[in-house]
Amino acid sequence: MSLATLSRAPAPSSSASSARATGDWRPEIRHDWTRDEVQEIMDLPFPELIFRAQLAHRAYFDPTRVQISTLLSIKTGGCPEDCAYCPQSALHEQSVKADKLMEVEKVLREARAAKAAGAGRFCMGAAWRSPKERDLDTVCAMIEGVKELGLETCVTLGMLDAQQSQRLRDAGLDYYNHNLDTSPEYYDKIITTRTYQDRLDTLANVRDAGINVCCGGIVGMGEDESDRAGLIATLASLPQHPESVPINLLVRVAGTPLADAEAVDPITFARVVAAARITMPASHVRLAAGRELMSDEAHALVFLAGANSIFCGDKLLTTPNPAEHRDRKLLASLGMKPMTDA
């Protein structure tokens, strides 16, 4: 379907709510998006872009509801990878101090607090290239414990093979996060210690094991517009779209190679989010890292562009995140609610 065809797609006949209820109109789910098509979407006049993103969003979701997740670093620092944006890399000048894997009960205490704050999903991240078997035993116990609390579970542990993926699935894992980060063409400017195909192989192993996929990227690493379009086109052309698509705004951390990267303005960022929403309309599109840098007005703009998921909590792994009370105030001012609320 060309962009012209997309522009001719019929809008819901009466209201967005009736379209959701009756299924009168839904955008086509495609898996063959090209970079040029995504670039054409991102280049639309902004009012037209937001309109199309809203149509796609309202066809699958209640635009007043936001999925809330909490992310906890269960093993921080000492990572052997050289990701240029990450302070957890042991190869960077001012890397984060390496800690041991957290104890299961301490993780469960954090999960209980997250649930009390309104989170519906609890995400756990470990700074590994790939998990060792002894560590996977502990992570599986964490997953089982968090599931018993009534929360969805998500982990990000680096690369996985087929057997490791199945072990996590058997423990009850709901989602696995493994971001592509950027376009295939720009990838080696950011990471050299694993390949783009390594990441795609992990996604395939996770999907084959029956685990939902959480996969997105980062905006603001020095990439150009074509690279942003390439990232979205790659995600939207996977055999099955990621159920969750985190769009991160680079947090520039001292001591990392990207500490002096040029900042990205909110409208440019919103264009990327809108492209993700239009090309992957049934996926949750998440505002992830970088929200601490965004004003309330910028948040509102990106919600209008189709984002419907955020991380709640004062920290995302090692970088700051808006405090819970700020998020509650923001959602209330916009008339929006967490998906877990009645």
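The values are calculated or read from the model by the stated rules, or taken from the named source; none is laboratory data. Bear in mind that the values here come from a model prediction, so they are computed numbers and not experimental data. Every residue, glycine as well, gets a Cβ built from its backbone with ideal geometry; the counts of neighbours run over all protein chains shown. We work out accessible area using only protein heavy atoms, side chains counted, and drop any ligands, DNA or RNA first. Shrake-Rupley method; radii C 1.70, N 1.55, O 1.52, S 1.80 Å.
Here are a few things to note about the model shown:
Quick grid of which residues meet (1) at pLDDT 95 or above; (2) of a type outside the set (A, V, I, L, M):
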site	(1), (2)
GLY210	yes, yes
CYS215	yes, yes
ASP227	yes, yes
ILE232	yes, no
ALA236	yes, no
PRO242	yes, yes
ALA254	no, no
MET294	no, no
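- Taking first residues from region 30-42 that are closer than 16 Å to ILE267 by Cα and part of a helix (DSSP H, G or I) and partners that are open to solvent by 40 Å² or more (accessible area, probe 1.4 Å) and charged (D, E, K, R), the Cβ contacts under 8 Å between residues at least 6 apart in sequence or on separate chains come to GLN39/GLU225; MET42/GLU225; MET42/ARG271.
- Check on SER283, among the hydroxyl-bearing types (Ser, Thr, Tyr), out of contact with any Cys (no Cβ under 6 Å at 6 or more places or on another chain) and open to solvent by less than 10 Å² (accessible area, probe 1.4 Å): yes
- Contacts under 6 angstrom Cβ, first residue in region 287-312 being touching a residue at least 12 places away in the same chain (Cβ under 8 Å), partner among the hydroxyl-bearing types (Ser, Thr, Tyr) and open to solvent by less than 10 Å² (accessible area, probe 1.4 Å), 6 or more apart: PHE311/SER69
- Residue that is open to solvent by less than 20 Å² (accessible area, probe 1.4 Å), aliphatic (A, V, I, L, M) and out of contact with any helix residue (DSSP H, G or I) (no Cβ under 7 Å at 6 or more places or on another chain), where the choices are VAL155, VAL253, VAL139: VAL139
- Options ALA323, ALA300: the member that is modelled with pLDDT of 85 or more and either touching a Phe, Trp or Tyr at 6+ places or on another chain (Cβ under 7 Å) or among the small types (Gly, Ala, Ser) (or both): ALA300
- Residues of region 4-50 satisfying the condition of being crowded, with 17+ Cβ neighbours inside 10 Å and modelled with pLDDT under 50: LEU6, PRO12, ALA16, ALA19, ARG20
- Residue match in region 71-85 (condition: acidic (Asp, Glu) and open to solvent by less than 20 Å² (accessible area, probe 1.4 Å)): yes
- Tabulated pairs, region 75-102, first farther than 18 Å from THR138 by Cβ and of a type outside the set (Val, Ile, Thr), second modelled with pLDDT of 85 or more and open to solvent by 60 Å² or more (accessible area, probe 1.4 Å), C-beta under 7 angstrom, 6+ apart or interchain: PRO80/ARG129; GLU81/ARG129; ASP82/THR192; ALA84/PRO257
- Residue in region 51-62 that is out of contact with any Ser or Thr (no Cβ under 6 Å at 6 or more places or on another chain), crowded, with 17+ Cβ neighbours inside 10 Å, within 23 Å of THR182 (Cα to Cα) and at pLDDT 85 or above present: yes
- Residue that is most open to solvent (accessible area, probe 1.4 Å) [pool: residues in region 235-250 that are under 26 Å from ALA300 (Cα atoms) and in a loop (DSSP other than H, G, I, E, B)]: GLU243
- Restricting region 197-234 to residues that are touching a residue at least 60 places away in the same chain (Cβ under 8 Å) and surrounded by fewer than 20 Cβ atoms within 10 Å (Cβ to Cβ) leaves a set whose member that is farthest from ALA274 (Cα to Cα) is SER226.
- Whichever residue in region 303-320 is among the hydrophobic types (A, V, I, L, M, F, W, C) and outside any strand (DSSP E or B) and, among such residues, is modelled with the lowest pLDDT: LEU317
- Exactly one residue among ALA98, ALA113 is surrounded by fewer than 19 Cβ atoms within 10 Å (Cβ to Cβ), assigned to a helix (DSSP H, G or I) and at pLDDT below 95, and that residue is ALA113.
- Condition check for LEU173: in a loop (DSSP other than H, G, I, E, B), touching a helix residue (DSSP H, G or I) at 6+ places or on another chain (Cβ under 9 Å) and surrounded by 23 or more Cβ atoms within 10 Å (Cβ to Cβ): yes
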